[in-house]
Amino acid sequence: MEEREGEVRWDGLCSRDAAARAATLDTIGQAVLRRAESIASGAAADGLPALAARDGLGEALARLLMLSKRCPFPDVREKSEAILSGVQELGIRIPRPLGHGPSRFIPEKETIQVGKEDATMHTLFAESFATLGRLDNVTLVMVFHPQYLESFLKTQHYLLQMDGPLPLHYRHYIGIMAAARHQCSYLVNLHVNDFLHVGGDPKWLNGLENAPQKLQNLGELNKMLAHRPWLITKEHIEQLLKTEENSWSLAELIHAVVLLTHYHSLASFTFGCGISPEIDCEGGHTFRPPSVSNYCICDITNGYHGVDEIHASPAGSIPVSSTESVCEVEALMEKMKQLQECRDEEEASQEEMATRFEREKRESMFVCSSEDEESAATRDVSRHFEDTSYGYKDFSRHGMHVPTFRVQDYSWEDHGYSLVNRLYPDVGQLLDEKFHIAYNLTYNTMAMHKDVDTSMLRRAIWNYIHCMFGIRYDDYDYGEINQLLDRSFKVYIKTVVCTPEKTTKRMYDSFWRQFEHSEKVHVNLLLVEARMQAELLYALRAITRYMT
């Protein structure tokens, strides 16, 4: 069933032309049914059960299952379902999805259902499918905020597929390296498939040591950007640019840095929103029949770890009365009002502002979750990077000092933006647009309240993340952060940004308990962009220092 055998070509399904999609589906249907008939007749002759896993049929059926549930084109959904039914009629067991929707944290009924989206969302879905060949779970959660999603997809498409300094297979491999730093098997699996699809060498996937030396040399920068970006110096940049035949050009390095920061922060979103495995990937489907309780232990051993969280019902979340939650919202709004009044009445001195920043930065080092525990990287993911013991936690627990990075001395707007645009045209503009949309996005609502100015809260979240990275805005009063962000919210932010692989449903449920899921996804967009910008600032400052 491999594409290279010339039997099945899936690319035609991405066409906007219904006739081209129909022709592709006919070819796929014939090839799948032919192989299924062969397996069924062979099994009957041998007196054995017909197994779809043989000859790659299982992968094709999993892909058809994904298309039947996740394709934005109704003709493809219906025909894929019909092909699966045809295979089932031959006595071959077909796969069924595991899990409930695109997120383990958000009930499926509260997400956008494919086929029931409005015209704006349908355009975004069709665009995403045509570009990626899939409508992934990240997109289905991000679409709570269509304006942001459009900017995100446009930027990601440019980074991965448009003209640029790096060859296509390098781009996906760098994505794998970045996602693997946080043990994000969801993103690693997607980009392994994409890497192979664009002609990448399968040997590179056996471990970073099998990739070209040029990519291996990027490992150190990947590690520091993901966990301790404040340690990056111009000497690190010089090593990459001056290593004889394996050297990087400045333009290539900018492309690589943007990709690394994009996928580090996307790993944060993936864990922060509890993104489920894709239906056609490992952990997203099973060929076993449903058991009485709707799942069996094999689902868990096959890599689907969300079962306990989904079926554990309220015990998995923190019980709280609705009155208490409403009070939480009211209290937060009251604090915002009081802070606004204090701002109008008096302004702290520069010395006091600096002291408050240092205090908040120091305290952020000691914010950690009670569920903080070792999570060893699985061999499957850790082979894509070196030094698996290196992480943010090791640093913060030793009480080492994060130096202060003053935005007044080096900012995205005044320095980073122009550097990126000069060396990788248009990308600075795309990133700038994405940062602004995430930072300024508002529907003027807070839980059940309307006509609320949330700018103070959004700024507190953004500046708290930058504060954890040592980045200071001279004109911001960091005393506001403690007023607006309670401990459970800080734990969630710190975990999602610094050690996203440790995020749990309990953490997600325990902050802003009366807020909508769309508002919690909005928080994650702020986390993604603030983290990405923080990493970029450190890397771009080091590149600027090298150039001068």
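Throughout, read-outs are computed from the coordinates displayed, never taken from laboratory work. All figures in this text were calculated on a predicted structure; none of them were measured in a lab. Note: ideal-geometry Cβ built from the backbone for every residue, glycine included; neighbour counts use all protein chains shown.
So how do 329-338, 411-420, 499-508 stack up, highest first, on mean other-Cβ count within 10 Å?
Working: 329-338: 14.8, 411-420: 17.3, 499-508: 20.6.
Ranked by mean Cβ neighbours within 10 Å, highest first: 499-508, 411-420, 329-338.
Among the lysines, which have Cα under 27 Å from the Cα of residue 214 when same-chain residues fewer than 8 positions away are ignored?
Of all the lysines, those that pass the test against residue 214 - Cα under 27 Å, at least 8 places apart if same chain - are 203, 223, 234, 242.
Could you tell me which of rounded, prolate or oblate describes the range 472-548, using a ≥ b ≥ c as the square roots of the eigenvalues of the alpha-carbon gyration tensor, with rounded for a/c under 1.5 and, failing that, prolate when a/b is larger than b/c and oblate otherwise? Present the calculation step by step, with values, prior to reporting the outcome.
On the way: a/c = 2.65, a/b = 1.76, b/c = 1.51.
Taking the square roots of the gyration eigenvalues as a ≥ b ≥ c, the range 472-548 is prolate.
Multiply the residue gap between residue 418 and residue 358 by 0.36 nm, knock off their C-alpha separation, and tell me the result in nm, one decimal place.
Working: separation 60, 0.36 × 60 = 21.60 nm, distance 2.96 nm.
Separation in residues times 0.36 nm, less the Cα-Cα distance, equals 18.6 nm.
Assuming 0.36 nm per residue, please report the length gained on full extension of the stretch residue 147 to residue 38 beyond their Cα-Cα distance.
34.4 nm
What spacing in nm lies between the two simple spin-label points modelled at residue 220 and residue 162, each 7 Å away from Cα in the Cβ direction?
Simple spin-label model gives 3.3 nm for this pair.
Name the shape class, rounded, prolate or oblate, that the alpha-carbon gyration tensor gives for the range 129-188, where a ≥ b ≥ c are the square roots of its eigenvalues, rounded holds for a/c under 1.5, and otherwise prolate holds if a/b is larger than b/c and oblate otherwise.
In terms of gyration-tensor shape, oblate.
Among rounded, prolate and oblate, which fits the range 392-540 when a ≥ b ≥ c are the square roots of the eigenvalues of its C-alpha gyration tensor, a/c under 1.5 means rounded, and a/b larger than b/c means prolate?
On the way: a/c = 1.69, a/b = 1.25, b/c = 1.35.
Here the range 392-540 falls in the oblate category.
Roughly how far apart, in whole Å, are the Cα centres of the range 436-508 and the range 159-216?
32
Could you work out the local net charge near residue 87, counting Lys and Arg as +1, Asp and Glu as -1, over the other residues with Cβ closer than 10 Å to its Cβ?
Here the charged neighbours net out to 0.
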